[in-house]
């Protein structure tokens, strides 16, 4: 059945009554989150203030400087790209190492696989995550399986694919999607989603140097909104290790990317207005994901809330919920809750109702506490 305006309202109507006043008061002409910078990182040495696209640019420059086999390619990366993440890299390292490609995502991924298999450290940019789907076959049927199908004789592990993802305030259905769950179903890949500049630089360098092909989905709303004191030195952060950003005792909140900041703000309101103590976890990477940290937290709190921008059905939150139910069943005081986008295309003018805002997360948290 085709999706029309009426069916969208059927999907979205449960959120309208609770949100329309809150959206008009708190979200009009502003982001759906308040950015929470990381505390000072434990990495020693000089630090400088960077937003997230600058931190990514710094990581890419570090990779080019330290690895003569590193190359960067994609649509418009030569002049810096849409979000300026590759700004000035071609001027510094030349057109042989930083170069534009045709507007062909399948070709970008295929070229990256071949370059990595031939010995290059291949760093590809897909201009928007929404347009990664033409490259889906190359990524899941070739890159992910290359080592396995050759019996470990060949691999394309030095392949990293970057792509801006998520809501940005005006992207509508073709520039706002969060496609991480599609790739989480694929053994052989690693998938990370940074929450800010410090994580973005460290995780990107880890992916570039990882022996497996990696996808880095960068929440585009954070490119300029996220600002931190980022270490200038070359450093890496672990893939597959979640971060407990805030300790709590009544409820575990789990998110990644931009949604981490939504949960942090929701947890502060719940503590201040309802005396509810929430533990907030940034999953950091969804393939692999840190099952141990998540389940240890839920066993203590007895309640779990998962939030992501992608639609509900088969979103990665479903995998978390199933695992928590299996591993923590005897400790649960309420069913695992998911706060997500509804099962519709991403809307334009209705974006504030689509997103899992702090208000929706607070409403769901109160239901869990009162279950």
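Please treat every number below as a calculation from the coordinates, not as lab data. Quantities reported herein were computed from a predicted structural model and do not represent experimental measurements. A quick note on method: Cβ atoms are made from the backbone with ideal geometry, for glycine too, and the neighbour counts reach across all protein chains shown.
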task: Evaluate 2.2 N^0.38 Å with N set to the residue count of the stretch 47-231, then give the Cα radius of gyration divided by it.
output: 0.95
task: Taking the chain as the reference, fit the longest principal axis to its C-alpha atoms, fit the long axis of helix 291-301 to the helix C-alpha atoms, and give the angle between the two in degrees, 0 to 90, nearest 10.
output: 20 degrees
task: Inverting the mean 1/r over all pairs of different Cα atoms, compute the Kirkwood radius of the chain and quote it in Å.
output: 21.0 Å
message: Please give the Cα centre distance for the stretch 98-135 versus the stretch 277-329, rounded to the nearest Å.
response: 31 Å
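Give the peptides 173-185, 94-106 in descending order of average Cβ contacts within 10 Å, highest first. Numbers along the way, then the final one.
Working: 173-185: 19.8, 94-106: 14.8.
Peptide ranking by packing, descending: 173-185, 94-106.
Determine the percent antiparallel among the DSSP beta bridges restricted to the chain, to the nearest 5. Please list the in-between numbers first.
Numbers: 10 of 44 bridges.
Counting only bridges with both partners in the chain, antiparallel ones make up about 25 percent.
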- line: Quotient of Cα radius of gyration and Kirkwood radius for the stretch 87-155, i.e. Rg/Rh, equals 1.02
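At 222 nm, what value in deg cm²/dmol follows for the chain if DSSP H runs of at least 4 each add -39500 (n - 2.57) and the sum is divided by all its residues, to the nearest 500?
Details: 13 runs with 132 residues, N = 371.
It lands at -10500 deg cm²/dmol.
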message: Can you tell me which of 196, 171, 112 moves the most in a GNM of the chain? Springs connect C-alpha atoms under 10 Å apart.
response: 171
query: For the chain, modelled as a GNM with alpha-carbon contacts under 10 angstrom, which of 37, 68, 352 fluctuates the most?
result: 68
message: Can you tell me the orientation of helix 358-369 relative to the chain, as the angle in degrees between its alpha-carbon axis and the longest Cα principal axis, to the nearest 10?
response: 50 degrees
- prompt: Ranked highest first by average number of other Cβ atoms within 10 Å, how do 314-326, 250-262 line up?
  reply: 250-262, 314-326
- line: Projected convex hull area of the stretch 237-371, Cα atoms, direction-averaged, in nm², equals 8.0 nm²
